[in-house]
Amino acid sequence: MNMLGGGSSAGRKPLKSGMKELAVFREKVTEQHRQMGKGGKHHLSLEEPKKLRPPPARTPCQQELDQVLERISTMRLPDDRGPLEHLYSLHIPNCDKHGLYNLKQCKMSLNGQRGECWCVNPNTGKLIQGAPTIRGDPECHLFYNEQQEAGGAHAQRVQ
């Protein structure tokens, strides 16, 4: 016969009773975990590494995005409809998952028309000279090459 009481032909009733005991046991364990989290040693050890690690450095793109979002959050309109018409005048940077600028940056679409797009250096966000500014895809990969950024001898020989 096992711990849950399910080993004989009359095992159905003991099994139900065993399941009830299991549920009660789970509730007790859950309650203990909850109590540990409120002030026990276990909870503190989880928090300590967070306090010791400095926050990750924000990239220029992330910093610019933070500034724009802060500006948006403080915009006030008399009718409380939201700052939509003011958003079109803002440039909201497009950052990749590593915090660098995406090669292609665009203004917002307006009245069903695509916004203008242009190419930037992913590290600095500065406009890439010679790349077009158009409503559509300026094909930035044709105007930016990572070797150009490095400025090494290889990039000079390719030119």
Contour excess over end-to-end distance, with Cα ends at R71 and N121 and 0.36 nm allotted per residue: 15.6 nm
Shape call for region 94-140, from the Cα gyration tensor axes a ≥ b ≥ c (a/c under 1.5 means rounded, otherwise prolate when a/b beats b/c, else oblate), comes out oblate
Which far-off residues, 5 or more places away or on another chain, put their amide H under 5 Å from the one on E116, with H placed in the peptide plane? K107
How much net charge surrounds R58 when only the other residues with a Cβ under 10 Å from the Cβ of R58 are counted, with Lys and Arg +1 and Asp and Glu -1? -2
Given a 1.4 Å probe and the protein chains all in place, what does the accessible area of Y88 round to, in Å² to the nearest 10? 100 Å²
Scalar couplings 3J(HN,Hα) for region 113-120 by Karplus 6.51 cos²θ - 1.76 cosθ + 1.60 (θ = phi - 60°), nearest whole Hz, x for Gly and Pro, are 9, 4, x, 5, 10, 8, 10, 10
Just grab the label-to-label distance for L110 and L87, each label 7 Å out from Cα along the Cβ direction, in nm (one decimal). 1.4 nm
Using each residue's phi in region 135-140, evaluate 6.51 cos²θ - 1.76 cosθ + 1.60 at θ = phi - 60° and report the 3J(HN,Hα) Karplus result to the nearest Hz, with x for Gly and Pro. 8, x, 8, x, 6, 4
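The values are calculated or read from the model by the stated rules, or taken from the named source; none is laboratory data. The structure displayed is predicted, hence computed values, not measured ones. Ideal geometry is used to build each Cβ from the backbone, glycine not excepted, and the neighbour counts take in all protein chains shown. Only protein heavy atoms, including side chains, enter the accessible area calculation; ligands, DNA and RNA are left aside. Shrake-Rupley method; radii C 1.70, N 1.55, O 1.52, S 1.80 Å.
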